[in-house]
Structures are given as structure tokens and as C-alpha cells.
1. Please determine, by comparing only the residues of the range 146-177 that are touching a strand residue (DSSP E or B) at 6+ places or on another chain (Cβ under 7 Å), in contact (Cβ under 8 Å) with a residue 40 or more places away in the chain and over 16 Å from residue 54 (Cβ atoms), which one is surrounded by the most Cβ atoms within 10 Å (Cβ to Cβ).
2. Given the structure, is residue 213 at pLDDT 95 or above and surrounded by fewer than 14 Cβ atoms within 10 Å (Cβ to Cβ)?
3. Among the residues of the range 226-261, write down those that are in a loop (DSSP other than H, G, I, E, B), surrounded by 16 or more Cβ atoms within 10 Å (Cβ to Cβ) and in contact with a strand residue (DSSP E or B) (Cβ under 6 Å, 6 or more places away or on another chain).
4. Where in the range 1-104 are there helices (runs of 4 or more DSSP H), lying fully within it, with 3 or more residues that are modelled with pLDDT under 85?
5. Given the options 102, 142, 117, 124, name the one that is more than 22 Å from residue 184 (Cα to Cα) and touching a helix residue (DSSP H, G or I) at 6+ places or on another chain (Cβ under 7 Å).
6. Could you grab me the full set of residues in the range 122-134 that are in contact (Cβ under 8 Å) with a residue 12 or more places away in the chain and either assigned to a helix (DSSP H, G or I) or farther than 22 Å from residue 58 by Cα (or both)?
7. Given (1) surrounded by 20 or more Cβ atoms within 10 Å (Cβ to Cβ); (2) within 25 Å of residue 261 (Cα to Cα), identify the lone condition not met by residue 76.
8. Answer yes or no as to whether residue 97 is more than 22 Å from residue 194 (Cβ to Cβ) and buried (at least 21 other Cβ atoms within 10 Å of the Cβ).
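The values are calculated or read from the model by the stated rules, or taken from the named source; none is laboratory data. Remember, predicted model here, so these are calculated numbers, not experimental data. Cβ: placed from backbone, ideal geometry, glycine included. Neighbour counts: every protein chain shown.
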């Protein structure tokens with residue numbers, strides 16, 4: 001009669017035969033600092049401050065040292081030393097670190113983050129890695145018009161911060177008023193940028209409208225953005241945005257696939273594209 005696995009293991013233990021050790025796995029460095037803060041290492045060996053109450057990014061970075069590896073791979077391929085970058089929605093700074101490393105000390109990363117709950121962590125992450133000379137932090141929202149706006153987030157998901165709107169779910173219980181600027185105004189002194197990264201939880205169309213002049217003077221611009229058609233559609237005219245980007249501005253669109261591979265997608269498929277990340281590029285002049 002066949003024995004169950006449990007019975008086999010019991011017999012082995014009765015004969016004092018040692019069980020094989022579990023497979024070894026590297027221990028990810030992690031240090032709890034108190035007050036809901038921790039310090040961990042990314043898989044590239046960079047230090048990052050984390051909010052231990054977060055159920056989204058923190059567990060992945062703390063245990064594996066990684067977050068959105070496909071996006072990270074794309075950023076690493078697109079960027080060169082000396083590039084100028086604008087980032088909207090820096091959060092705790094995981095992708096900020098990737099970009100700051102890629103552009104080197106000759107480059108510039110202009111990071112916009114409106115969530116006051118995450119700003120101390122982001123500042124500390126930039127400082128502890130010695131990136132203060134190449135990363136400029138803007139503690140504001142980047143939109144299509146200046147002024148004060150209402151910003152809401154879920155306290156248990158630190159990456160959920162977004163421009164508040166009526167009728168949103170009850171878990172977005174943290175609400176604050178934050179200043180907003182346009183990228184055109186904030187980055188008016190830059191001759192051009194080579195890359196714009198956005199993760200603005202549905203406000204990406206308004207970010208782009210507020211960067212029209214910057215986009216116009218950046219012919220080689222690559223845009224790497226979170227793409228969630230439902231989130232964007234409740235905040236803007238998505239069809240008009242796609243027509244502006246693909247028609248008037250001449251951008252092509254690629255979906256970020258597994259391993260950071262890029263898959264070309266037609267403009268008319270964008271409203272039905274599943275939640276993910278998108279790269280927009282124009283033909284070389």
C-alpha cells in the first residue's frame with residue numbers, strides 16, 4: 001500500500017534521519033527604524049526608506065528589493081548619462097533611484113511628489129544615496145494649471161495618492177490641500193528633457209497638457225507612464241488626449257511587456273488597453 005508523504009516523513013524522523021535543509025535564499029537587508037519607517041536595499045544595492053504601514057510597494061521592496069521590474073528595465077535602456085528627466089509621482093523613490101543612477105552626475109532628475117506623507121521618506125532616500133546634486137525634488141502636484149488642489153490617498157497604500165474627486169471610495173480617507181504647478185512653468189529654464197516618467201493615478205492627461213511647451217521643445221522625448229484608461233477617463237477627455245498625442249504631436253505607442261519588452265499598439269486600441277505601463281516615442285527628427 002502506498003504511503004502518504006506525511007507517513008514517509010514520520011518514518012524518516014523515527015529513524016533519526018536528518019531532513020534536508022530548506023533551499024537557501026538570500027536574506028534581504030532590512031532595518032526597522034521606528035515610527036513606521038524602515039531602511040532597506042534595492043536589488044541594485046541602493047538604500048531606500050520605506051513606510052512599514054504600506055501594503056503596496058513596501059512588502060515587495062523589503063523582501064525582494066524590487067518593484068515594477070519591467071518598468072525599471074525600460075528606464076535603464078532608454079536613459080543615457082547626462083540626460084534630463086522629469087518625474088511626476090516619485091513616491092518613495094524606487095524609480096527615482098534607477099533614473100538618478102542611469103543619468104549619472106552629469107544628468108538631472110526633476111521629481112514631483114505631492115503626497116506630504118511620503119515626502120520625508122523620498123527626501124531621505126535621495127540624500128542617503130548621495131543623489132542631492134542630481135535630483136531636484138518639487139513637493140507639489142504637476143497639473144495643467146497652477147493653484148491649490150485637494151489630494152487624497154489610502155493610508156495603507158502609499159502609492160494611491162491622487163487628485164481627489166467626488167464619489168471616490170471610502171478607503172481614500174486621507175485628504176490634504178497641496179499646491180499645483182505646470183511642468184511648463186516649473187521647468188521653464190530647461191532647454192529640453194529626454195524622458196518624462198509619470199505615475200499620477202489618472203491625472204496623467206492633465207500633467208501632459210501642462211507640459212505642452214516642454215514637449216514641443218523636446219523632439220527626442222520618451223514618455224514612460226502608467227496607463228489606466230478608466231482612471232484617466234473620469235478626469236479628462238481620453239479620446240482628445242490620444243488624438244493630440246498620436247495625431248498632432250506624432251507619438252507612437254508601445255506597451256511595456258514582460259522583461260521590459262516593448263509591444264507596438266495602435267492608437268485606437270488605447271482606450272481599451274488593460275491597466276499597465278506605456279511608452280510613447282516620436283520618430284527621430
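1. Result: 163.
2. Against the criterion (at pLDDT 95 or above and surrounded by fewer than 14 Cβ atoms within 10 Å (Cβ to Cβ)), residue 213 does not qualify.
3. 251
4. Working: elements: 5-14, 57-64, 69-78, 94-103.
Result: 5-14.
5. Details: 142 fails: more than 22 Å from residue 184 (Cα to Cα); 117 fails: touching a helix residue (DSSP H, G or I) at 6+ places or on another chain (Cβ under 7 Å); 124 fails: touching a helix residue (DSSP H, G or I) at 6+ places or on another chain (Cβ under 7 Å).
Every option except 102 fails the conditions.
6. Scanning the range 122-134 gives 122, 123, 124, 125, 126, 128, 133, 134.
7. Among (1) surrounded by 20 or more Cβ atoms within 10 Å (Cβ to Cβ); (2) within 25 Å of residue 261 (Cα to Cα), the lone unmet condition for residue 76 is (1).
8. Here the answer is no, as residue 97 does not meet what is asked.
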